[in-house]
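The values are calculated or read from the model by the stated rules, or taken from the named source; none is laboratory data. Nothing here was measured: the structure is a model prediction, and the numbers come from that model. All Cβ positions, glycine included, derive from the backbone under ideal geometry; neighbour counts span all protein chains shown. Remember, those area values only see protein heavy atoms, side chains included, never the ligands or the DNA or RNA. Shrake-Rupley method; radii C 1.70, N 1.55, O 1.52, S 1.80 Å.
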Amino acid sequence: MQNLVKYTLYLFLLITGLTAALTLVGIGYSWFFSEAKELSHLKWLIGSVIIEMVAVVLMLAKKGMKYLPDTQTDKAKNDTLKFMEDFISAGTSATVVSNRVSWLAGNDKLISILQSKAASGTRIEIITPNEVPEALREKLNGAFFIVTKESISPEARFTLVNGDRSGAERLAIARGVHPDHEITIFDNNSGPQIIAMAKDIIRKSKELANAT
(Lines give C-alpha, C1' and ligand atoms only; values in the text may rest on other atoms or scores of the structure.)
Protein backbone atom coordinates (compact mmCIF):
# COMPACT_ATOMS: atom_id res chain seq x y z
CA MET A 1 0.00 0.00 0.00
CA GLN A 2 2.82 2.37 0.90
CA ASN A 3 4.56 1.64 -2.44
CA LEU A 4 1.31 2.35 -4.29
CA VAL A 5 1.05 5.76 -2.58
CA LYS A 6 4.70 6.47 -3.39
CA TYR A 7 4.33 5.56 -7.08
CA THR A 8 1.11 7.56 -7.35
CA LEU A 9 2.91 10.60 -5.93
CA TYR A 10 5.77 10.13 -8.40
CA LEU A 11 3.30 9.91 -11.30
CA PHE A 12 1.54 13.05 -10.13
CA LEU A 13 4.86 14.90 -9.92
CA LEU A 14 5.79 13.67 -13.41
CA ILE A 15 2.52 14.94 -14.87
CA THR A 16 3.04 18.29 -13.14
CA GLY A 17 6.58 18.50 -14.51
CA LEU A 18 5.47 17.72 -18.07
CA THR A 19 2.67 20.29 -17.86
CA ALA A 20 5.12 22.90 -16.60
CA ALA A 21 7.57 22.05 -19.42
CA LEU A 22 4.84 22.42 -22.06
CA THR A 23 3.81 25.73 -20.54
CA LEU A 24 7.38 27.07 -20.60
CA VAL A 25 7.75 25.97 -24.24
CA GLY A 26 4.52 27.76 -25.13
CA ILE A 27 5.56 30.94 -23.31
CA GLY A 28 8.98 30.86 -24.96
CA TYR A 29 7.47 30.31 -28.38
CA SER A 30 5.04 33.21 -28.06
CA TRP A 31 7.74 35.44 -26.53
CA PHE A 32 10.44 34.95 -29.16
CA PHE A 33 8.17 34.63 -32.20
CA SER A 34 6.06 37.78 -31.97
CA GLU A 35 4.51 37.25 -35.43
CA ALA A 36 3.17 33.89 -34.41
CA LYS A 37 -0.54 33.70 -33.86
CA GLU A 38 -1.78 33.47 -30.28
CA LEU A 39 -1.61 30.05 -28.62
CA SER A 40 -5.22 29.47 -27.61
CA HIS A 41 -4.46 26.75 -25.03
CA LEU A 42 -1.58 28.54 -23.30
CA LYS A 43 -3.75 30.08 -20.58
CA TRP A 44 -5.18 26.65 -19.76
CA LEU A 45 -1.68 25.22 -19.45
CA ILE A 46 -0.64 28.05 -17.11
CA GLY A 47 -3.77 27.54 -15.01
CA SER A 48 -3.15 23.79 -14.88
CA VAL A 49 0.43 24.29 -13.67
CA ILE A 50 -0.72 26.63 -10.88
CA ILE A 51 -3.45 24.22 -9.76
CA GLU A 52 -1.10 21.22 -9.91
CA MET A 53 1.60 23.04 -7.93
CA VAL A 54 -0.90 23.96 -5.23
CA ALA A 55 -2.18 20.36 -5.17
CA VAL A 56 1.36 18.99 -4.81
CA VAL A 57 2.11 21.37 -1.93
CA LEU A 58 -1.13 20.44 -0.16
CA MET A 59 -0.54 16.72 -0.72
CA LEU A 60 3.01 16.85 0.62
CA ALA A 61 1.95 19.05 3.55
CA LYS A 62 -0.89 16.69 4.46
CA LYS A 63 1.42 13.67 4.22
CA GLY A 64 4.15 15.41 6.24
CA MET A 65 1.82 16.67 8.98
CA LYS A 66 0.87 13.08 9.79
CA TYR A 67 4.46 12.39 10.83
CA LEU A 68 4.88 15.47 13.05
CA PRO A 69 4.34 15.06 16.81
CA ASP A 70 2.00 17.32 18.75
CA THR A 71 3.58 19.75 21.20
CA GLN A 72 2.42 22.06 23.92
CA THR A 73 4.19 24.39 26.33
CA ASP A 74 2.76 24.77 29.83
CA LYS A 75 3.41 27.92 31.79
CA ALA A 76 1.86 26.69 35.04
CA LYS A 77 1.87 23.42 36.96
CA ASN A 78 -1.91 23.18 36.81
CA ASP A 79 -1.76 23.13 33.00
CA THR A 80 0.52 20.10 33.09
CA LEU A 81 -1.67 18.32 35.64
CA LYS A 82 -4.74 18.96 33.47
CA PHE A 83 -2.89 17.49 30.49
CA MET A 84 -1.97 14.40 32.50
CA GLU A 85 -5.58 13.94 33.56
CA ASP A 86 -6.82 14.05 29.96
CA PHE A 87 -3.94 12.01 28.56
CA ILE A 88 -4.21 9.14 31.03
CA SER A 89 -8.02 9.13 30.89
CA ALA A 90 -7.88 8.45 27.13
CA GLY A 91 -5.81 5.26 27.50
CA THR A 92 -6.63 1.67 28.43
CA SER A 93 -3.31 1.41 30.28
CA ALA A 94 -0.77 3.91 31.52
CA THR A 95 2.87 3.76 32.56
CA VAL A 96 4.35 6.86 34.17
CA VAL A 97 8.15 7.13 34.34
CA SER A 98 9.36 9.93 36.59
CA ASN A 99 12.33 10.73 38.80
CA ARG A 100 9.92 11.79 41.56
CA VAL A 101 6.19 11.54 42.34
CA SER A 102 5.68 14.73 44.32
CA TRP A 103 3.71 16.15 41.37
CA LEU A 104 1.17 13.35 41.85
CA ALA A 105 0.85 13.49 45.64
CA GLY A 106 -0.89 16.87 45.66
CA ASN A 107 -3.33 16.24 42.82
CA ASP A 108 -6.45 14.63 44.24
CA LYS A 109 -8.29 14.73 40.91
CA LEU A 110 -5.55 12.85 39.06
CA ILE A 111 -5.30 10.35 41.95
CA SER A 112 -9.07 9.83 41.68
CA ILE A 113 -8.76 9.18 37.92
CA LEU A 114 -5.97 6.68 38.50
CA GLN A 115 -7.99 4.99 41.25
CA SER A 116 -11.02 4.55 39.01
CA LYS A 117 -8.84 3.30 36.16
CA ALA A 118 -7.16 0.73 38.39
CA ALA A 119 -10.50 -0.32 39.90
CA SER A 120 -11.93 -0.98 36.43
CA GLY A 121 -9.05 -3.31 35.57
CA THR A 122 -6.80 -0.85 33.76
CA ARG A 123 -3.12 -1.46 34.44
CA ILE A 124 -1.54 1.61 36.01
CA GLU A 125 2.23 1.56 36.52
CA ILE A 126 4.42 4.19 38.12
CA ILE A 127 8.18 3.76 37.69
CA THR A 128 10.44 5.84 39.93
CA PRO A 129 13.96 5.49 41.39
CA ASN A 130 12.90 6.22 44.98
CA GLU A 131 10.47 4.63 47.38
CA VAL A 132 6.95 6.00 47.17
CA PRO A 133 5.37 7.31 50.41
CA GLU A 134 3.06 4.79 52.02
CA ALA A 135 0.19 7.29 52.10
CA LEU A 136 0.31 7.63 48.32
CA ARG A 137 0.49 3.87 47.88
CA GLU A 138 -2.65 3.49 49.97
CA LYS A 139 -4.47 6.14 47.95
CA LEU A 140 -3.50 4.37 44.72
CA ASN A 141 -4.38 0.88 45.85
CA GLY A 142 -4.44 -1.27 42.71
CA ALA A 143 -1.70 0.61 40.90
CA PHE A 144 1.74 -0.97 40.46
CA PHE A 145 4.74 0.88 41.84
CA ILE A 146 8.06 -0.12 40.30
CA VAL A 147 11.01 1.24 42.28
CA THR A 148 14.37 0.89 40.53
CA LYS A 149 16.44 2.21 43.51
CA GLU A 150 18.94 3.84 41.17
CA SER A 151 21.60 5.94 42.86
CA ILE A 152 21.45 8.53 40.08
CA SER A 153 17.97 9.69 39.18
CA PRO A 154 17.23 9.23 35.47
CA GLU A 155 16.47 12.26 33.32
CA ALA A 156 13.65 10.50 31.49
CA ARG A 157 10.17 11.82 32.22
CA PHE A 158 7.43 10.33 30.11
CA THR A 159 4.02 8.71 30.15
CA LEU A 160 3.05 5.87 27.82
CA VAL A 161 -0.61 4.98 27.34
CA ASN A 162 -1.97 1.93 25.52
CA GLY A 163 1.44 0.30 25.87
CA ASP A 164 -0.16 -3.15 25.61
CA ARG A 165 -1.92 -2.32 22.32
CA SER A 166 0.59 -2.42 19.48
CA GLY A 167 -0.02 0.43 17.04
CA ALA A 168 -2.31 2.35 19.41
CA GLU A 169 0.37 3.64 21.77
CA ARG A 170 0.71 7.31 22.65
CA LEU A 171 3.77 8.72 24.34
CA ALA A 172 4.08 12.08 26.13
CA ILE A 173 7.63 13.24 26.87
CA ALA A 174 8.21 16.19 29.18
CA ARG A 175 11.21 18.47 29.42
CA GLY A 176 12.03 21.82 30.99
CA VAL A 177 10.39 23.55 33.92
CA HIS A 178 7.50 25.99 34.20
CA PRO A 179 6.90 28.45 32.61
CA ASP A 180 8.69 26.66 29.74
CA HIS A 181 7.58 23.12 30.45
CA GLU A 182 7.31 21.46 27.03
CA ILE A 183 5.39 18.26 26.31
CA THR A 184 5.82 16.37 23.04
CA ILE A 185 3.21 13.75 22.13
CA PHE A 186 4.09 10.91 19.77
CA ASP A 187 1.89 8.22 18.23
CA ASN A 188 2.58 5.28 15.94
CA ASN A 189 2.88 7.61 12.92
CA SER A 190 5.01 10.40 14.35
CA GLY A 191 7.36 8.39 16.54
CA PRO A 192 7.24 4.58 16.38
CA GLN A 193 10.99 4.34 17.07
CA ILE A 194 10.72 6.63 20.10
CA ILE A 195 7.79 4.63 21.43
CA ALA A 196 9.86 1.45 21.01
CA MET A 197 12.70 3.08 22.97
CA ALA A 198 10.26 4.04 25.74
CA LYS A 199 9.05 0.44 25.91
CA ASP A 200 12.66 -0.72 26.20
CA ILE A 201 13.27 1.72 29.07
CA ILE A 202 10.14 0.44 30.83
CA ARG A 203 11.18 -3.18 30.34
CA LYS A 204 14.73 -2.57 31.59
CA SER A 205 13.43 -0.58 34.57
CA LYS A 206 11.23 -3.52 35.57
CA GLU A 207 14.19 -5.89 35.24
CA LEU A 208 16.29 -3.55 37.42
CA ALA A 209 13.55 -3.30 40.03
CA ASN A 210 13.20 -7.09 40.20
CA ALA A 211 16.96 -7.52 40.51
CA THR A 212 17.29 -5.19 43.52
Quiz prompt | Verdict on Ile185 being within 19 Å of Phe87 (Cβ to Cβ) and open to solvent by less than 20 Å² (accessible area, probe 1.4 Å) | solution = yes
Quiz item: Which members of the stretch 105-147 meet the condition of being among the basic types (Lys, Arg) and outside any helix (DSSP H, G or I)?
Solution: Arg123
Practice problem: Among the residues of the stretch 193-211, count how many are surrounded by fewer than 16 Cβ atoms within 10 Å (Cβ to Cβ), more than 23 Å from Met84 (Cβ to Cβ) and either hydrophobic (A, V, I, L, M, F, W, C) or in contact with an Asp or Glu (Cβ under 9 Å, 6 or more places away or on another chain) (or both). | Solution: 1
Exercise. Would you be able to say whether some residue in the stretch 166-176 is over 13 Å from the mean Cα position of the chain (by Cα) and in a loop (DSSP other than H, G, I, E, B)?
Key: yes
Practice problem: May I ask you to list the residues in the stretch 90-104 that are without any contact (Cβ under 8 Å) to a residue 40 or more places away in the chain and either assigned to a loop (DSSP other than H, G, I, E, B) or out of contact with any strand residue (DSSP E or B) (no Cβ under 9 Å at 6 or more places or on another chain) (or both)? | Solution: Val101, Ser102, Trp103
Quiz item: Among the residues of the stretch 110-169, how many are surrounded by fewer than 17 Cβ atoms within 10 Å (Cβ to Cβ), free of Cβ contacts under 8 Å to residues at least 60 places away in the same chain and acidic (Asp, Glu)?
Solution: 5
